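Enquirer: Please read through the structure below; I'll follow up with questions.
The values are calculated or read from the model by the stated rules, or taken from the named source; none is laboratory data. It should be emphasised that the depicted structure is a prediction, and the values quoted were computed from it without experimental measurement. Cβ atoms come from the backbone with ideal geometry, glycine included; neighbour counts cover every protein chain shown. These area figures cover heavy atoms from the full protein model, side chains too; ligands, DNA and RNA do not enter into them. Shrake-Rupley method; radii C 1.70, N 1.55, O 1.52, S 1.80 Å.
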Amino acid sequence: MAAPTAAAGARARVVALALAAVVGCGALAGCGGGSGADGTDGTGGRSGGQAAADTAARPHLRISGAFLPVPVTTGLAAGFCVVRNTGGADTLTSVTSDIADRVTLHRTRNGRMEMQDSFPVPAHGALDFSRGGNHLMFEQLTHKPKVGDTVTVRLHFRRSGTLTVKVPVRPATYNPGAGGAFGTPPDGAGSARTP
Amino acid sequence: MRKKTLPLAAALLTSAVLALSACGGGSGDESSKPVDVQADAHSGRRALTVLDPPFTKPDLVLTDTHGEKYDLRERTKGRPTLLYFGYTHCPDICPLTMSNIAVAKKQLPKAVQEKLRVVFVTTDPERDTPAALGSWLRQQDPEFIGLTGKFATIQHAARQLGISIDPPKKEKDGTVVSTHGTEVVAFSPKSDGGYLLYHEDATVDDYTKDLPKIVQGQRP
């Protein structure tokens, strides 16, 4: 993975300079993420020293697979994405969007939503917003978006600042986590990353 | 892809067993038998649980979206019926579930579609008035039936199907948070028993594949 990772890193820097962290369709699709020293696997056990290093290290965030199922009414919509982190820990503190007056963060437990003030993005880990789990809730929409539209969403992180994602509007039945006809990975839309 | 369903299925199995033992169900020999709740081992699918023996259809009388009395047993007798407990201020699973069913239903022949009953019972009756429920459900499918009434009545019916829902709760910031069921129960037109449980990650493909069987009261 070393060669494609380095290439991806170089490409990301160029893209970041050109687009200031706003990355359009497909530019980074399939990117293995992570650069050299930070690309260690986060699944193993960690020593105290390493944990401290995680906190000190700069986060490297990559958002992918973002989508917004077409809502039933203008009252409410949900949004989903995955935030992968190949660097030090960060926190998602708020989300804003042109399409809604208010965007709130929720997790779901036993069929009940629980609003959260923030979500941790663990070092060398991921923050997952997916069907039936965590979700972004868009309230009082300015209009009802159609399938194929794109909604601009800004995710604000404590350390990494703001990442802007162009989120595609998908059919109401879209559920990539569950496989099936609608389970094919998105076409690269709905991605962004830190420089 | 369906890793989530394992604990879900296990939890469900437990709740189904509890629910059945709690209502004492069955007579004589039957009551001493363990409940045979089995995942569809044949196809390896876990979006679905086959219930044997099936759940008895709850004796539930509520108000429909026209403000009229609706007796579930009477109105769905001999009809293939899908029953779901949810609420309209729900951004994710409730609209997903109803959309999955709506899309799958449209793929049935017209005459068969007319036989099918899809019943959405609100878990948030205070906000989901007949009118509010009606306008939300019409966006999904104008034939869907929406029911509202006393929360205690709704909770009692859900419990008989092993579905646990809590009353809506007001948060510190004034927002109201409700619970939805995580399963859809399919009732057979032949026995009127609830013989299939679809879990919340059942996809539109699952429903599309299974509805032709369900309308006949067959096992998918």
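Enquirer: Which count do you get for residues in segment B:118-143 that are away from every other protein chain (no Cβ under 12 Å) and open to solvent by 50 Å² or more (accessible area, probe 1.4 Å)?
Expert: Here the count works out to 5.
Enquirer: Still on this structure: Of all residues in segment A:154-195 being part of a strand (DSSP E or B) and at pLDDT below 95, which is surrounded by the fewest Cβ atoms within 10 Å (Cβ to Cβ)?
Expert: This residue is A:Arg193.
Enquirer: For segment B:95-117, what are the residues that are touching a residue at least 60 places away in the same chain (Cβ under 8 Å), open to solvent by 20 Å² or more (accessible area, probe 1.4 Å) and within 14 Å of chain A (Cβ to nearest Cβ)?
Expert: Hits for segment B:95-117 are B:Val103, B:Gln107.
Enquirer: What are the residues in segment A:104-140 that are away from chain B (no Cβ under 11 Å), on the phi < 0 side of the Ramachandran plot, in contact (Cβ under 8 Å) with a residue 24 or more places away in the chain and open to solvent by less than 70 Å² (accessible area, probe 1.4 Å), if any?
Expert: Listed by number, the residues that qualify are A:Leu105, A:Ser118, A:Phe119, A:Val121, A:Pro122, A:Ala123, A:Gly125, A:Ala126, A:Leu127.
Enquirer: Just give me the residues in segment B:47-75 being under 15 Å from the mean Cα position of the chain (by Cα) and not in a strand (DSSP E or B), in sequence order.
Expert: B:Thr56, B:Lys57, B:Pro58, B:Asp59, B:Leu60, B:Leu72, B:Arg73
Enquirer: Which residues, taken from segment B:144-199, are open to solvent by 10 Å² or more (accessible area, probe 1.4 Å), among the small types (Gly, Ala, Ser) and within 14 Å of another protein chain (Cβ to nearest Cβ)?
Expert: B:Gly162, B:Ser164, B:Gly174
Enquirer: Given the criteria among the polar types (S, T, N, Q), at pLDDT below 95 and open to solvent by less than 60 Å² (accessible area, probe 1.4 Å), does A:Ser94 qualify?
Expert: Against the criterion (among the polar types (S, T, N, Q), at pLDDT below 95 and open to solvent by less than 60 Å² (accessible area, probe 1.4 Å)), A:Ser94 does not qualify.
Enquirer: Okay, next question. Going through segment B:159-207 one residue at a time, which ones are assigned to a strand (DSSP E or B) and of a type in the set (Val, Ile, Thr)?
Expert: B:Val176, B:Val177, B:Thr179, B:Val184, B:Val185
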